[in-house]
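**Q** For reference, the structure I am asking about is given below.
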């Protein structure tokens with residue numbers, strides 16, 4: 001996957017429904033793991049895997065917040081509208097009422 005163009009790699013990462021749902025939640029506000037687990041209904045180990053994949057793709061950043069980690073969209077992924085993800089080559093728009101995690 002490392003030799004794929006950046007946009008294609010990001011689209012492949014976002015083809016997973018859980019990772020797409022994480023991105024949608026982080027578009028609204030930064031979050032710790034606990035609220036993400038609760039909103040998505042997934043195990044912590046699975047969420048950790050998805051967050052790692054999103055970080056490696058440059059879509060999510062993590063920062064220390066006391067004893068926990070706060071996740072947020074990477075600055076490059078943010079858009080002015082707050083309703084889309086910037087992939088560099090295009091923007092992925094989330095339609096109101098569409099919830100990939102349900």
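The values are calculated or read from the model by the stated rules, or taken from the named source; none is laboratory data. Since the model is a prediction, treat every value here as computed from it, not as a measurement. Reconstructed Cβ throughout: ideal geometry from the backbone, glycine too, with neighbour counts over all protein chains shown.
**Q** Taking the range 22-43 as the region of interest, how many residues are over 15 Å from residue 78 (Cα atoms) and modelled with pLDDT under 95?
**A** Summing the residues that are over 15 Å from residue 78 (Cα atoms) and modelled with pLDDT under 95 in the range 22-43 gives 0.
**Q** For the range 40-49, give me each residue that is assigned to a helix (DSSP H, G or I) and more than 19 Å from residue 92 (Cβ to Cβ). Even if it seems obvious, please write down each step before you answer.
**A** In the first step, residues of the range 40-49 are kept if they are assigned to a helix (DSSP H, G or I); the result is 40, 44-49.
Selection gives 44, 45, 46, 47, 48, 49.
**Q** Which residues, counting only those in the range 1-17, are in a helix (DSSP H, G or I), touching a residue at least 24 places away in the same chain (Cβ under 8 Å) and surrounded by fewer than 18 Cβ atoms within 10 Å (Cβ to Cβ)?
**A** So the first thing to find is which residues in the range 1-17 are in a helix (DSSP H, G or I), and the list is 6-13, 17.
With touching a residue at least 24 places away in the same chain (Cβ under 8 Å) added as a condition, the list becomes 6-7, 9-11, 13, 17.
Those that are in a helix (DSSP H, G or I), touching a residue at least 24 places away in the same chain (Cβ under 8 Å) and surrounded by fewer than 18 Cβ atoms within 10 Å (Cβ to Cβ): 6, 7, 9, 11, 17.
**Q** Restricting the search to the range 50-77, which residues are surrounded by 14 or more Cβ atoms within 10 Å (Cβ to Cβ), free of Cβ contacts under 8 Å to residues at least 12 places away in the same chain and over 16 Å from residue 35 (Cα atoms)?
**A** 55
**Q** Look at residue 26 and say whether it is in contact with a helix residue (DSSP H, G or I) (Cβ under 7 Å, 6 or more places away or on another chain) and either touching a residue at least 12 places away in the same chain (Cβ under 8 Å) or in a helix (DSSP H, G or I) (or both). Break it down stepwise before answering.
**A** Working: in contact with a helix residue (DSSP H, G or I) (Cβ under 7 Å, 6 or more places away or on another chain): no; either touching a residue at least 12 places away in the same chain (Cβ under 8 Å) or in a helix (DSSP H, G or I) (or both): yes.
Answer is no for this residue.
**Q** Considering only residues that are touching a residue at least 24 places away in the same chain (Cβ under 8 Å) and closer than 15 Å to residue 17 by Cα, look in the range 29-40 and name the one that is surrounded by the fewest Cβ atoms within 10 Å (Cβ to Cβ).
**A** The selected residue is 39.
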